[in-house]
Amino acid sequence: MHDVNRPLIAVFVCASVATLVGQNVKIDFDKDQVGKAPAGWTATQTGTGAATWTVIQDTTAPSGPNVLKQSGVATYPVCLRDDSSVKDGFVEVKFKPLSGKEDQAGGIVWRAKDANNYYIARANALEGNVTIYHTINGRRVEKKRTSMKVASNEWHNLRVDFQGGHFTVTFDGKKAFDWDDDTFKDAGKVGVWTKADSVTLFDDFSYGTK
């Protein structure tokens with residue numbers, strides 16, 4: 001009886017793994033508790049300061065009632081999805097920059113090893129541009145940027161498609177630029193990001209594999 005069951009167990013495990021291929025995940029924060037960090041995320045930061053990640057209700061949300069808000073001040077606030085592991089795929093989010101004297105930024109992170117090592121693309125309303133970086137051991141290095149209108153107090157869409165060492169950044173449905181790099185080759189976590197004193201809302205976070 002033991003030998004007969006063994007192949008059946010093997011088939012079941014393989015089938016479970018196969019369902020993860022090409023899977024897309026969308027998170028709207030609507031089931032998370034208001035006033036707390038979202039469940040299943042690591043709400044943290046790169047560098048110094050005190051990031052504050054909380055779920056709030058917002059009447060302007062693309063898919064209400066809840067959004068994720070970053071309202072603290074830190075070098076680079078980062079919030080990573082715990083169960084994500086994507087090598088080749090995409091990450092996308094809607095974000096709304098509310099305020100900030102130093103920065104009004106919203107960004108997305110991919111292939112993150114931890115809060116100090118990841119790729120990041122961001123749009124900044126004060127600077128009027130979209131930029132891509134890599135962060136290695138907590139040090140962020142700019143790699144490419146383009147000027148684009150990023151309005152404050154409006155919802156925008158930011159997306160990155162990544163395959164091997166090739167990345168395509170899209171902002172509000174328009175291609176910003178391509179970039180090639182091989183710093184982080186392995187699968188990693190995805191998440192959202194801001195900078196300095198940016199107060200930013202996030203909604204409809206999605207990611208998937210290719």
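The values are calculated or read from the model by the stated rules, or taken from the named source; none is laboratory data. Not measured: the values here are computed from a predicted model. Here the Cβ is made from the backbone with ideal geometry for all residues, glycine too, and neighbour counts use every protein chain on show. For the accessible areas, the whole protein counts, side chains as well, though only heavy atoms, and no ligand, DNA or RNA atoms are used. Shrake-Rupley method; radii C 1.70, N 1.55, O 1.52, S 1.80 Å.
Computed quantities for the displayed model
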{"quantity": "For peptides 110-118, 133-141, 197-205, sequence by mean Cβ density within 10 Å, most packed first", "calculated": "197-205, 110-118, 133-141"}
{"quantity": "Rounded to whole Hz, the Karplus (6.51, -1.76, 1.60) HN-Hα couplings of segment 109-121, x for glycine and proline", "calculated": "10, 8, 6, 6, 7, 6, 6, 10, 9, 5, 8, 8, 10"}
{"quantity": "Dipole of segment 58-210, positive end: most advanced residue of Gly164, Tyr76, Trp179 [Cβ charges, Cα centre]", "calculated": "Trp179"}
{"quantity": "The chain, accessible surface, carbon-and-sulfur percent (1.4 angstrom probe)", "calculated": "52 percent"}
{"quantity": "Segment 100-148 - percent relative contact order, Cα under 8 Å, separation 6 or more", "calculated": "29 percent"}
{"quantity": "From phi via Karplus (6.51, -1.76, 1.60), per-residue ³J(HN,Hα) for segment 77-88 in Hz, x at Gly/Pro", "calculated": "x, 9, 10, 10, 6, 4, 8, 8, 7, 10, 9, 10"}
{"quantity": "Per residue accessible area in Å² of the chain, where ligands, DNA and RNA are left out and the probe is 1.4 Å", "calculated": "47 Å²"}
{"quantity": "Length-normalised contact order for the chain - Cα pairs under 8 Å, 6+ apart - percent", "calculated": "28 percent"}
{"quantity": "Estimated 222 nm signal from helices in the chain, with DSSP H stretches of n ≥ 4 weighted -39500 (n - 2.57), rounded to 500", "calculated": "-2500 deg cm²/dmol"}
{"quantity": "Gained length - Asp88 relative to Val25, 0.36 nm times residue gap less alpha-carbon distance", "calculated": "21.3 nm"}
{"quantity": "Nearest 10 degrees, 0 to 90: helix 2-18 Cα axis against the chain principal axis", "calculated": "20 degrees"}
{"quantity": "Under-5 Å amide H pairs with Val109, H placed in peptide plane, nonlocal only", "calculated": "Gly191, Val192"}
{"quantity": "Ordering of 122-131, 62-71 by packing [mean C-beta count within 10 Å, highest first]", "calculated": "122-131, 62-71"}
{"quantity": "Relative contact order (percent, whole number), segment 30-141, Cα cutoff 8 Å, 6+ residue spacing", "calculated": "19 percent"}
{"quantity": "Table column - 3J(HN,Hα) (Hz), segment 67-73, Karplus curve with 6.51, -1.76, 1.60, x for Gly and Pro", "calculated": "9, 9, 10, 10, 10, x, 10"}
{"quantity": "Listed candidates [x] 17.5; [y] 18.3; [z] 19.5 - label of the one calculated as Kirkwood radius over Cα pairs in Å", "calculated": "[x]"}
